[in-house]
1. Let me confirm something: among 62, 90, which residue is over 17 Å from residue 140 (Cα atoms), assigned to a loop (DSSP other than H, G, I, E, B) and at pLDDT 95 or above?
2. Hey, does the range 167-174 have a residue that's open to solvent by 30 Å² or more (accessible area, probe 1.4 Å), part of a loop (DSSP other than H, G, I, E, B) and more than 15 Å from residue 66 (Cα to Cα)?
3. Identify all residues within the range 93-105 that are surrounded by 13 or more Cβ atoms within 10 Å (Cβ to Cβ) and either among the β-branched types (Val, Ile, Thr) or in a loop (DSSP other than H, G, I, E, B) (or both); write none if there are none.
4. With touching a residue at least 24 places away in the same chain (Cβ under 8 Å), open to solvent by less than 20 Å² (accessible area, probe 1.4 Å) and more than 12 Å from residue 188 (Cα to Cα) as the only criterion, which of 78, 71 stands out?
5. With more than 15 Å from the chain's Cα centre (by Cα), open to solvent by 50 Å² or more (accessible area, probe 1.4 Å) and at pLDDT 95 or above as the only criterion, which of 57, 53 stands out?
6. I'd like to check something: does the range 185-195 contain any residue that is over 15 Å from the mean Cα position of the chain (by Cα), surrounded by 18 or more Cβ atoms within 10 Å (Cβ to Cβ) and either among the β-branched types (Val, Ile, Thr) or farther than 22 Å from residue 122 by Cβ (or both)?
7. Could you list, in sequence order, all residues of the range 151-166 that are touching a strand residue (DSSP E or B) at 6+ places or on another chain (Cβ under 9 Å) and open to solvent by 40 Å² or more (accessible area, probe 1.4 Å)?
Amino acid sequence: MNSGLITGLIAGPNRLSKAVLSRKQSIPNAEITQALANVGIARASLSAAVTRTSTTTLTNTGLTALTVSLLPSSRYRLTYRLYASSDPGGAPGIKIGFSFPSSLTKFDANYIAQTDSGGSAIEFYPDWGINAYGSGDPILDVAAAATGGMIFTADIQTGSTANTYGDFAVLLAQQVSNIGTTTMSQNSCVEVLKFS
């Protein structure tokens, strides 16, 4: 190792400390184990593209692989990358939203969306469910034939409800009920960081 100093961040259950190490020093194994035990990392994507035809009702059908079941007394960062398109025949459009538990009254979130027909949008809000969109509301809502998608990031702290706290799920529909098809790409995914 050529560098004389290494800067490391050690995450404990209730602290974040900074350590400056020389070449002859190392982070104790117990502290590394403790830090890793308090962080969970996961990524999930769709096994196949999901389509909607002749429906404007947002549903989670076919998208359960992207559902995150939240645990109590935990911190999360959920990052969704969702890619969608709608058939130009009849211009069914795209609607994408999220459902989340009623017990999750406050969390902070932001999104960046882009479509080739509806332009782009960027929104950042504390208390997302209060200041921006409620559970089940369409966030991306494009009426024309379109190709695009969104990146949605939520920073969440759950309460102490026993057992599971509830599900955070993706919803998809057409903007206009039509025989044309609205499709979410199988490359759509969610990346989850969990901190105890």
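1. Values: 90 fails: at pLDDT 95 or above.
So the residue among 62, 90 that is over 17 Å from residue 140 (Cα atoms), assigned to a loop (DSSP other than H, G, I, E, B) and at pLDDT 95 or above is 62.
2. Taking the range 167-174 first, the residues open to solvent by 30 Å² or more (accessible area, probe 1.4 Å) are 167.
With the extra rule that they be part of a loop (DSSP other than H, G, I, E, B), the set shrinks to none.
For the range 167-174, residues open to solvent by 30 Å² or more (accessible area, probe 1.4 Å), part of a loop (DSSP other than H, G, I, E, B) and more than 15 Å from residue 66 (Cα to Cα): absent.
3. Initial filter on the range 93-105 (surrounded by 13 or more Cβ atoms within 10 Å (Cβ to Cβ)): 93-101, 104.
Within the range 93-105, 93, 94, 96, 100, 101, 104 meet the criteria.
4. Matching residue, one of 78, 71: 78.
5. Numbers: 53 fails: at pLDDT 95 or above.
After applying the criteria, what remains is 57.
6. No: the range 185-195 contains no residue that is over 15 Å from the mean Cα position of the chain (by Cα), surrounded by 18 or more Cβ atoms within 10 Å (Cβ to Cβ) and either among the β-branched types (Val, Ile, Thr) or farther than 22 Å from residue 122 by Cβ (or both).
7. Let us first name the residues in the range 151-166 that are touching a strand residue (DSSP E or B) at 6+ places or on another chain (Cβ under 9 Å), namely 151-158, 164-166.
Listed by number, the residues that qualify are 151, 155, 157, 164.
For (1) open to solvent by less than 60 Å² (accessible area, probe 1.4 Å); (2) part of a strand (DSSP E or B); (3) among the β-branched types (Val, Ile, Thr); (4) in contact (Cβ under 8 Å) with a residue 12 or more places away in the chain, each residue gets a yes or a no:
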| residue | (1), (2), (3), (4) |
| --- | --- |
| 110 | yes, yes, no, yes |
| 114 | no, yes, no, yes |
| 124 | no, yes, no, yes |
| 139 | yes, yes, yes, yes |
| 149 | yes, yes, no, yes |
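The values are calculated or read from the model by the stated rules, or taken from the named source; none is laboratory data. It should be emphasised that the depicted structure is a prediction, and the values quoted were computed from it without experimental measurement. Note that we place each Cβ from the backbone using ideal geometry, even for glycine, and neighbour counts take in every protein chain shown. Ligands, DNA and RNA are stripped out before the accessible areas are found, and what is left, the full protein with its side chains, is counted by its heavy atoms. Shrake-Rupley method; radii C 1.70, N 1.55, O 1.52, S 1.80 Å.
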